[in-house]
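The values are calculated or read from the model by the stated rules, or taken from the named source; none is laboratory data. Keep in mind the model is a prediction, meaning the values are calculated, not measured. So basically every Cβ, Gly included, is an ideal-geometry build from the backbone, and we count neighbours across all protein chains shown. Note: areas computed on protein heavy atoms with side chains; ligands, DNA, RNA excluded. Shrake-Rupley method; radii C 1.70, N 1.55, O 1.52, S 1.80 Å.
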Amino acid sequence: MNKKTLEKLGYYSVLSIVSRYASSHNGKEYILGLNPSTNIRVVRKMLEQSQEAFLFLSYSSSAPVGSFPSVKEHLERATRGASLSPHALLEVLSLINASQASKSDIKGCKIIDTLPYMRQSGEDINLLPSIQSDIRRSVDPEGEINDNASSDLKYIRRRLFTLNQQIRADLEKTIRSQSLQKYIQEPIVTTRSGRFVIPVKSEFRSMIPGIIHDQSSTGMTVYIEPQSVVNAGPAIRSLEVEEKKEIERILKVLSAQVAAEALSLSENEAILTRLDVLFAKAKYARDNDCTLPELRDKAVVSIKAGKHPLIDKRVCIPLDVSIGEEYRTLIVTGPNTGGKTVSLKTVGLLVLMCQTGIFVPAAEASFGVFKQVLCDIGDEQSIEQSLSTFSAHISNIISILNSLEDPSLVLFDELGAGTDPVEGAALARAIIMTLHTHNAVTIATTHYSELKVFAFETEGIENASMEFNAETLMPTYRLITGIPGKSNALEISKRLGLSEDIIKLAQTNINSDELKVNKMIADIEYNNHIARVDREKAEALLKEAQMKSDHWDNQLKQISQKREAEIEKGKKEAERIIAQAQEEVKSIIKEIRFLSGEVSGKEKNATLDNAKNRLSTMSKDIRKNDKPVQKPVSPEIDIASLRPGADVFVKSINQNAVFLQIISPNEVQIQAGILKMKVSKNDIAPPTGEAIKKKPERRRLEIRQSDISISKDLRGMLADEAVDQTDRYIDSAVLAGINEVTLIHGKGTGALRSAIHVFLNGDPRVESYRLGKQGEGDAGVTVVKLK
């Protein structure tokens with residue numbers, strides 16, 4: 001890819017944003033050095049790996065890669081036999097710790113078995129417990145060698161400590177000596193040049209034998225190492241030399257261990273870097289509402305609701321464009337500041353992001369893989385190189401034509417501008433035709449009317465325009481394919497305050513045919529705008545109706561659940577009463593048996609009467625609570641005598657409903673709540689008495705079976721919300737007698753599709769399901785067959 005093109009389109013700016021999501025310096029540098037691939041297998045692999053990282057983040061609170069240092073230089077030094085510094089060893093330890101944590105996090109992901117690249121990366125990370133524990137034991141976090149690094153070092157430092165303590169004790173004794181106190185400037189022990197000294201008054205320096213190491217700035221104090229301490233110096237220096245040698249030996253041993261594991265450490269660093277890059281892409285996609293683009297085997301660009309990644313998504317107008325199927329060249333016309341250049345850059349930038357394995361900010365997108373993405377955008381006039389605006393554009397176009405490879409994506413901004421309009425239009429037409437014959441996918445913006453006619457007359461070339469609101473005289477920044485645009489120069493000039501007389505004079509200089517064409521285009525734009533507004537209103541109303549339908553479905557479900565709960569409660573109460581009655585009967589039988597013994601007649605009669613009363617009370621309680629829930633047995637009903645709106649009882653759902661119409665000799669349509677359904681004529685009976693006494697308020701919502709859509713749009717929902725909506729929708733479809741429905745989840749990252757398939761697998765109402773075929777929505781929809 002041409003670096004100049006990448007810069008013009010803002011590719012490196014996008015990489016800079018993505019790199020901010022990386023945890024390591026390695027990851028940031030790797031991302032900033034990325035280039036789009038022109039190999040479809042490489043691009044597909046990159047996108048699949050990015051998708052795995054995205055799915056991993058969906059099921060994990062954070063990425064499995066934290067910050068880690070680069071140890072390449074340390075490994076090179078160690079393999080050459082050099083000793084590493086303690087700080088270098090700490091960086092090696094940091095990489096080992098990060099590798100261990102990443103391996104653990106990857107293994108602990110709940111869906112890791114569905115992410116082959118992630119799983120393999122985790123398995124490929126090398127654990128190095130031996131060198132990890134040795135460095136931890138030998139080097140402290142501040143980069144100092146620990147006493148426990150070796151037994152010899154510990155022994156040497158213990159001896160040094162003991163000797164230093166003895167020296168300090170001797171010095172403390174000296175400064176507290178009554179005979180020497182008058183010579184000492186201050187009764188303290190300090191150090192100079194690593195030696196223990198005491199401050200002595202300058203005039204008494206000869207009274208305390210020893211070596212003078214320093215004096216104060218005033219010259220009134222000298223710092224003397226007493227002779228008794230000097231005599232102990234050789235022993236201290238000897239121990240210090242031994243300490244230094246032992247530290248060097250320890251560092252050499254640790255460095256040799258690092259060298260022995262250099263390959264494993266290098267592999268770990270490479271794996272962590274790749275993972276860091278993938279999760280940076282995934283975090284960017286998550287935070288910017290990006291989607292996984294579909295790769296095509298042909299040179300096409302299809303974008304739905306695409307947004308420029310460098311423009312604030314809150315104000316960016318979505319772009320819809322498709323090129324490469326029915327036509328390969330798109331001529332875009334429209335007013336200045338209408339969004340033509342931004343649209344060009346959006347197309348080029350999203351293609352480049354796809355070919356770098358980065359999700360794109362769009363609702364849906366599919367791309368071919370282009371060998372070259374070339375553009376001529378912006379004014380490149382140069383005084384130093386004696387290039388005018390036109391000359392600069394032509395030089396760039398020549399370079400583009402010489403760089404063409406099949407397939408190529410070519411983007412022109414204001415093609416043929418900067419020279420005589422007649423010659424410029426002719427030249428632009430010739431350039432477009434040349435690119436068209438070379439099978440390049442081309443998008444060119446222009447103000448030339450001749451090119452609009454050329455696009456209309458030439459097969460494989462299509463017109464497009466940037467929509468302009470004739471009422472507000474403002475651009476809407478929406479790309480409309482199939483309709484040529486006009487520059488609206490006079491309207492814009494009028495809005496900006498140009499004199500009405502000048503506007504009218506300008507209109508008289510315009511060819512009448514041109515004025516008619518412009519008026520026709522303006523009318524088409526206006527009608528198209530009205531149609532789009534009406535469509536958006538209709539979609540909003542449809543969405544509102546769907547929400548209300550879902551609400552009443554939920555209400556019906558809650559009522560059913562409450563009814564089942566009451567039934568269960570009644571069953572448990574009946575079981576309790578029966579159990580209590582059984583115990584009471586056993587007690588009565590026991591008492592009756594007792595009467596057969598030696599009991600007087602009066603006492604026996606009294607006991608029997610008491611038992612009868614208890615049995616009678618029990619019988620009343622059981623009859624009172626024994627109200628089995630069953631379908632009401634109703635008499636037959638004369639179907640022919642029924643009138644629309646009559647109350648009936650539906651046996652299969654055990655509730656009253658409203659009769660609507662006779663469908664066939666054996667089938668009728670009724671309405672239960674907000675739902676209309678077909679039932680057998682034998683399934684209805686006269687309404688129950690309770691229903692007659694209190695007729696429910698009926699809402700005349702004319703919702704027939706056809707009113708329940710055979711498809712459900714779940715795009716944009718979270719997995720839990722989508723599953724809940726699917727559950728409710730299937731309820732409505734089953735009640736309405738619909739046998740097959742379509743769930744629209746989009747292609748995206750695949751997370752929503754997976755969640756819906758898991759739900760469908762365990763749903764008893766579902767007979768089977770499959771992904772959509774070509775023409776049905778492909779992998780963006782799931783077709784469900786209901787029982």
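In terms of the Cα gyration tensor, with a ≥ b ≥ c the square roots of its eigenvalues, is region 358-465 rounded because a/c is under 1.5, prolate because a/b exceeds b/c, or oblate?
On the way: a/c = 1.74, a/b = 1.25, b/c = 1.40.
Taking the square roots of the gyration eigenvalues as a ≥ b ≥ c, region 358-465 is oblate.
Please state, to two decimals, what the Cα-based radius of gyration of region 270-406 comes to when divided by 2.2 N^0.38 Å (N = residues).
Numbers: Rg = 17.2 Å, N = 137, 2.2 N^0.38 = 14.3 Å.
Cα Rg divided by the expected 2.2 N^0.38 Å: 1.21.
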Original post:
So, in nm, how far is label ARG237 from label ARG314 when the simple model puts each one 7 Å beyond its Cα toward the Cβ?
Top reply: 7.2
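So, for region 304-459, what is the accessible surface per residue at a probe of 1.4 Å, expressed in square angstrom? Present the calculation step by step, with values, prior to reporting the outcome.
Values: 6370 Å² over 156 residues.
For region 304-459, the per-residue accessible area is 41 Å².
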Original post:
Setting aside same-chain residues fewer than 8 positions from LYS154, which aspartates and glutamates have a Cα under 20 Å from its Cα?
Top reply: ASP134, ASP140, GLU142, GLU144, GLU240, GLU242, GLU243, GLU246, GLU248
Subject >> Area accessible to solvent at HIS87, 1.4 Å probe radius, in Å² >> reply: 110
**OP:** Compute the distance in nm between two label points, each set 7 Å from the Cα along the Cα-to-Cβ direction, one at SER67 and one at ASN39.
**Re:** 3.5
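With all protein chains present, how much of the accessible area of region 230-309 (probe radius 1.4 Å) comes from carbon and sulfur, to the nearest whole percent? Working shown, then result.
Working: 1770 of 3440 Å².
It is 52 percent, rounded to a whole number.
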**OP:** Using θ = phi - 60° and the Karplus relation 6.51 cos²θ - 1.76 cosθ + 1.60, list the HN-Hα couplings for region 341-351 in order, rounded to whole Hz, with x at every Gly or Pro.
**Re:** 5, 4, 5, 4, 5, 4, 4, x, 5, 5, 5
Original post:
HN-Hα J couplings of region 184-195 from phi, Karplus 6.51/-1.76/1.60, θ = phi - 60°, integer Hz, Gly and Pro as x?
Top reply: 8, 5, 8, x, 9, 10, 9, 10, 9, 6, x, 10
**OP:** Rounded, prolate or oblate: pick one for region 5-143, where a ≥ b ≥ c are the square roots of the eigenvalues of its C-alpha gyration tensor, a/c under 1.5 means rounded, and failing that, prolate if a/b is larger than b/c, else oblate.
**Re:** oblate
Subject >> Proximal charge balance of GLU564 [Cβ under 12 Å; K/R count +1, D/E count -1] >> reply: +3
Original post:
By its C-alpha gyration tensor, with a ≥ b ≥ c as the square roots of the eigenvalues, how is region 293-343 shaped: rounded for a/c under 1.5, else prolate for a/b larger than b/c, else oblate?
Top reply: oblate
Original post:
Probe 1.4 Å, all protein chains in place: accessible area of TYR155 in Å², nearest 10?
Top reply: 120
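Quickly estimate the mean residue ellipticity at 222 nm for the chain, helices only: each DSSP H run with n ≥ 4 gives -39500 (n - 2.57), and the total goes over all residues, rounded to 500.
Details: 22 runs with 392 residues, N = 787.
Helices in the chain give a 222 nm mean residue ellipticity of -17000 deg cm²/dmol.
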Original post:
Roughly how many percent of the accessible protein surface of region 21-122 is carbon and sulfur, given a 1.4 Å probe and a whole-percent answer?
Top reply: 49
Subject >> Restraint check, LYS452/LYS494; LYS340/LYS537; LYS307/LYS340; LYS3/LYS304; LYS543/LYS747; LYS3/LYS345, Cα-Cα greater than 18 Å >> reply: LYS452/LYS494; LYS340/LYS537; LYS3/LYS304; LYS543/LYS747
Subject >> Built amide H within the under 5 Å cut-off of ASP713, gap 5+ >> reply: ILE744
Subject >> region 280-344: GluC sites (Glu not before Pro) in DSSP loop, at most 14 other beta carbons within 10 Å >> reply: GLU325, GLU326
**OP:** Hey, can you find the accessible area per residue of region 171-263 for me, probe 1.4 Å, expressed in square angstrom?
**Re:** 58
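Given a Förster distance of 56 Å, report the FRET efficiency between ILE662 and SER587 from their Cβ-Cβ distance, rounded to the nearest 0.05.
Values: r = 61 Å, r/R0 = 1.08.
With a Förster radius of 56 Å, E is 0.40.
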Original post:
Residue farthest toward the positive end of the dipole of the chain, with Cβ of Lys/Arg at +1 and Asp/Glu at -1: which of VAL650, ALA428, LEU330?
Top reply: VAL650
Subject >> Radius ratio Rg over Rh of the chain, counting only Cα atoms, Kirkwood formula for Rh >> reply: 1.21
**OP:** Using a cut-off of under 19 Å, list every residue of region 20-55 whose amide N is near the label point 7 Å from the Cα of VAL758 along the Cα-to-beta-carbon line.
**Re:** 51-55
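Give me the accessible area per residue for region 704-787, probe 1.4 Å, as a whole number in Å².
Averaged over the residues of region 704-787, the accessible area is 49 Å².
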Subject >> Integer Hz, Karplus 6.51/-1.76/1.60 couplings in order for region 710-719, x for Gly and Pro >> reply: 7, 9, 10, 8, 10, 5, x, 8, 6, 4
Original post:
Where nothing but the Cβ of Lys and Arg (+1) and of Asp and Glu (-1) is charged, how large is the charge dipole of region 26-146 around its Cα centre, in debye to the nearest 20?
Top reply: 400
Subject >> Charge dipole (debye, nearest 20) of the chain; +1 at Cβ of Lys and Arg, -1 at Cβ of Asp and Glu >> reply: 3080
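May I ask you to rank TYR448, TYR729 by accessible area, largest first, using a 1.4 Å probe over the protein chains only? Write down the numbers at each step before the final one.
Working: TYR448 35, TYR729 5 Å².
Greatest to least solvent exposure: TYR448, TYR729.
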